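Down below is the structure, laid out as structure tokens.
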Amino acid sequence: MFYREAGDFNTSYAEDQQTFPIKFDRYRYYVVLFIAIVIIPFVINDYWANSLLLPFLIYAIAALGLNILVGYCGQVSLGTGGFMAVGAYSCYKFMTGVDIWWGGELLFRLPEFNIFFSIIMGGVMTAIVGVLFGLPSLRIKGFYLAVATLAAQFFLVWLFNRVAWFYNYSASGQISAPERELFGVLITGPSTPAWATYLFCLFFTVVCAIVARNMTRGAAGRKWMAIRDMDIAAEIIGVNPLRAKLTAFAVSSFFIGISGALFFAVYLGAVEVGEAFSITKSFLVLFMIIIGGLGSIFGSFAGAAFLVVLPVALKIVGVDWFGWPTDIVAHLQLVVVGGLIVIFLIAEPHGIAQLWRVAKEKLRLWPFPH
Amino acid sequence: MKDIAESYVTTDGRTIGPVVMEMKNITLRFGGVEAIKDISFNIREGEIRAIIGPNGAGKSSMLNVISGFYVPQEGEVWYKGARRPAMKPFEVARQGIARTFQNIALFEGMSVLDNVMTGRLTHMKTGLFAQSLWKGKAEAEEIENREVAEKIIDFLEIQAIRKTPVARLPYGLKKRVELARALAAEPSILLLDEPMAGMNVEEKEDMSRFILDVNDEFGTTIALIEHDMGVVMDLSDRVVVMDYGKKIGDGTPDDVRNNQDVIDAYLGVAHD
């Protein structure tokens, strides 16, 4: 009734294989994009950008990346925080000009990269590091692999804390993003307009989502899913498990690196690695994809939205509407979010994405039961 | 014996080609257990070759040697006139050898269509970057391979369940989807490990028909393991009989049926 697909015929394989084969879905997607690109930039303010939209967009990229690895390829990773740190520190180094030293002498210094390319380089460097830490996945599986990726988390955080080169020998041990602009508009630094940072992040989120979708619906995605569902059968039909797993690690880390770079450069502006990219971050992103739905692009967005929006919504309801003390609301937040996660996992272990699929299934027939 | 490089015509009027795969003195050990003891046999192009034997005879191990899962301690595998070096299973698959499993090994989280499309992976070469853009090369390749996959789906009469997740299918259909996935690779040799295990008479008839059709229409060489003697004798051109890891018979169904060792292995023999 509300959700019709009657009369919606696909007459070619190209039409059948598009992202949204059903017209209604397709138009809804265009409407969402239109609102996000054309309307929101005009109504956005600093509060909404910093408390809601930027974290949502940035975490959505991280969730997309982790979902490719965990949801599509079945390789559990707890190194997300560490990989985000790689993205952030690489972005910082490329923004400020990478300096290569040898024997106490400066060999050469790369020119400062444009902020856009610095963030891309953050992704590229993270992809390389991700492949390195993905190598054990060829031998170990499941929980044991998760423990092995923990090594990445602790090692990388330790590395960025200890080696002063990464934070350009600053006294505080922090990295802070210098002011950079794109097309004459400030993107990083303390006095950026909200709409610019928002659009900058939105661009990366949309492109990452499209790329993720394109990869997962084609040959690469089938290889990953084959490895996830039954690695022996995957090998027998000609999938090279080494390459499939490492490409999953590379693509996943690339996304996570980009989100780490945006998180540092655009959202926070200054980070201290132990605080911003600790193990908590790894768990947060993992929870996002579990709650959102493993192996689903929409689920990555839904999970990121759930964990970003819910605390803010609770704060607005508690503090602004009911006038409760802030500290009580802060504690209440933890209780409610935790409780909801448990309820969610019991009611729908396959996440919000599955809930959405079931709802669509029901809406197709409504008001009739069959 | 007929020359290995020549074709011949059987008494049923079927033309059997030259030898495409030859196992020479294969011995496979697991620790102290010899699963396969010094077995040699060959597979000719276009034939249906059955491997039979009582439980634990080493039939599945033999299939695993052919598909590269096990590397035999002794012996050589010759494929298309060249000795095959020790290979990983995915490299064997790329040489044109596809197989199905005794207990179904489908990708449960994917739809029937996606499962069949995984069979096409050896034919898909687009790089990751082109795939991320989708439009252009990746899409063209996808559609090209989709057409082949759809042909197989039509052939095996599973059009109606194309978009159904595999986990929801009944056993008999899963077996058919697995055959479709193997066929989608357009293999030169198709290995079937008990394609009719656990099926009722009707399903067995369907499956037999599909196997014969595949052999007929695509000219695919088939090597299969099966316990149902009626099926084996009807379908196959030549039969290898194994018992306790040894080869005890090899020849046409009639030869094998009258072989005293084979009768002893199946019916038992008085030890005095």
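So, residue A:211, is that one more than 13 Å from residue A:68 (Cβ to Cβ) and part of a helix (DSSP H, G or I) or not? The answer is no for residue A:211. Do we have any residue at all in segment A:244-253 that's at negative phi, outside any helix (DSSP H, G or I) and more than 16 Å from the chain's Cα centre (by Cα)? No; the residues of segment A:244-253 include none that is at negative phi, outside any helix (DSSP H, G or I) and more than 16 Å from the chain's Cα centre (by Cα).
Scanning segment B:1-19 for residues that are surrounded by 19 or more Cβ atoms within 10 Å (Cβ to Cβ) and out of contact with any strand residue (DSSP E or B) (no Cβ under 6 Å at 6 or more places or on another chain) gives no hits.
Take the conditions (1) closer than 23 Å to residue A:216 by Cα; (2) surrounded by fewer than 20 Cβ atoms within 10 Å (Cβ to Cβ); (3) touching a residue at least 12 places away in the same chain (Cβ under 8 Å); residue B:106 misses just one of them, which is (2). Exactly one residue out of A:140, A:227, A:187 is outside any loop (DSSP other than H, G, I, E, B) and under 30 Å from residue B:90 (Cα atoms): that is A:227.
Scanning segment A:312-333 for residues that are crowded, with 19+ Cβ neighbours inside 10 Å and of a type outside the set (A, V, I, L, M) gives a single hit, A:318.
Taking the conditions (1) buried (at least 20 other Cβ atoms within 10 Å of the Cβ); (2) more than 20 Å from residue A:57 (Cβ to Cβ); (3) aliphatic (A, V, I, L, M) in turn, residue A:342 satisfies each one other than (1). With the condition kept exactly as written, say whether any residue in segment A:359-367 is under 23 Å from residue A:55 (Cα atoms), part of a helix (DSSP H, G or I) and out of contact with any His (no Cβ under 8 Å at 6 or more places or on another chain). No: segment A:359-367 contains no residue that is under 23 Å from residue A:55 (Cα atoms), part of a helix (DSSP H, G or I) and out of contact with any His (no Cβ under 8 Å at 6 or more places or on another chain). Residues of segment B:176-189 that are in contact with a strand residue (DSSP E or B) (Cβ under 7 Å, 6 or more places away or on another chain) and either of a type in the set (S, T, N, Q) or away from chain A (no Cβ under 12 Å) (or both): B:179, B:188, B:189. The residue of segment A:168-189 that is surrounded by the fewest Cβ atoms within 10 Å (Cβ to Cβ), among those that are of a type outside the set (S, T, N, Q) and on the phi > 0 side of the Ramachandran plot, is A:184. Residue count for segment B:139-155, restricted to those that are of a type outside the set (Asp, Glu), buried (at least 18 other Cβ atoms within 10 Å of the Cβ), over 28 Å from residue A:354 (Cβ atoms) and within 10 Å of chain A (Cβ to nearest Cβ): 1.
The set of residues from segment A:319-358 being part of a loop (DSSP other than H, G, I, E, B) and without any contact (Cβ under 8 Å) to a residue 40 or more places away in the chain comprises A:322, A:323, A:324, A:325, A:348, A:349.
Each row is one residue, and each column tells you yes or no for (1) over 22 Å from residue A:198 (Cβ atoms); (2) more than 22 Å from the chain's Cα centre (by Cα); (3) in contact (Cβ under 8 Å) with a residue 40 or more places away in the chain.
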position: A:28; (1), (2), (3): no, yes, no
position: A:39; (1), (2), (3): no, yes, no
position: A:45; (1), (2), (3): no, yes, yes
position: A:70; (1), (2), (3): yes, no, yes
position: A:77; (1), (2), (3): yes, no, yes
position: A:87; (1), (2), (3): no, no, yes
position: A:104; (1), (2), (3): yes, yes, no
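I'd like to know if segment A:276-292 contains one or more residues that are crowded, with 21+ Cβ neighbours inside 10 Å and either under 30 Å from residue B:189 (Cβ atoms) or within 14 Å of chain B (Cβ to nearest Cβ) (or both). No, segment A:276-292 contains no residue that is crowded, with 21+ Cβ neighbours inside 10 Å and either under 30 Å from residue B:189 (Cβ atoms) or within 14 Å of chain B (Cβ to nearest Cβ) (or both). Suppose we filter A:188, A:205, A:247 for residues that are within 11 Å of chain B (Cβ to nearest Cβ) and β-branched (Val, Ile, Thr); which single one remains? The conditions single out A:247.
Could you list, in sequence order, the residues of segment A:169-197 that are touching a helix residue (DSSP H, G or I) at 6+ places or on another chain (Cβ under 6 Å), within 29 Å of residue A:157 (Cβ to Cβ) and at pLDDT 85 or above? Selection gives A:175, A:197. When residues in segment A:222-233 are screened for being within 9 Å of chain B (Cβ to nearest Cβ), among the hydrophobic types (A, V, I, L, M, F, W, C) and more than 13 Å from residue A:141 (Cβ to Cβ), 3 of them pass.
Listed here are the helices (runs of 4 or more DSSP H) enclosed by segment B:54-138 that have at least 2 residues being at the interface with chain A (Cβ under 9 Å from one of its Cβ atoms), farther than 21 Å from residue B:185 by Cα and in contact with a helix residue (DSSP H, G or I) (Cβ under 9 Å, 6 or more places away or on another chain): B:128-133.
Of everything in segment A:234-243 that is over 16 Å from residue B:116 (Cα atoms) and part of a helix (DSSP H, G or I), the residue that is nearest to the other protein chains (Cβ to nearest Cβ) is A:241. Within segment A:254-271, the set of residues being among the hydrophobic types (A, V, I, L, M, F, W, C) and in a helix (DSSP H, G or I) comprises A:254, A:255, A:256, A:258, A:261, A:262, A:263, A:264, A:265, A:266, A:268.
Remark: pairs (first residue in segment A:243-270, within 17 Å of residue A:114 (Cα to Cα) and buried (at least 24 other Cβ atoms within 10 Å of the Cβ); second residue among the charged types (D, E, K, R) and at pLDDT below 95; Cβ separation under 8 Å; 6+ apart in sequence or on different chains) = A:265/A:180. Candidates are the residues of segment B:216-244 that are over 17 Å from residue B:193 (Cβ atoms) and in contact with a Gly (Cβ under 8 Å, 6 or more places away or on another chain); the one that is surrounded by the fewest Cβ atoms within 10 Å (Cβ to Cβ) is B:219.
When the residues of segment B:30-60 are filtered to those that are in contact with an Asp or Glu (Cβ under 9 Å, 6 or more places away or on another chain) and of a type in the set (D, E, K, R), the one that is surrounded by the fewest Cβ atoms within 10 Å (Cβ to Cβ) is B:38. The residues listed here are A:199, A:182, A:156; of these, the one that is under 21 Å from the mean Cα position of the chain (by Cα) and over 15 Å from residue A:85 (Cβ atoms) is A:199.
The values are calculated or read from the model by the stated rules, or taken from the named source; none is laboratory data. What you are looking at is a predicted structure, and each value in this text was computed from that prediction instead of being measured. Cβ: placed from backbone, ideal geometry, glycine included. Neighbour counts: every protein chain shown.
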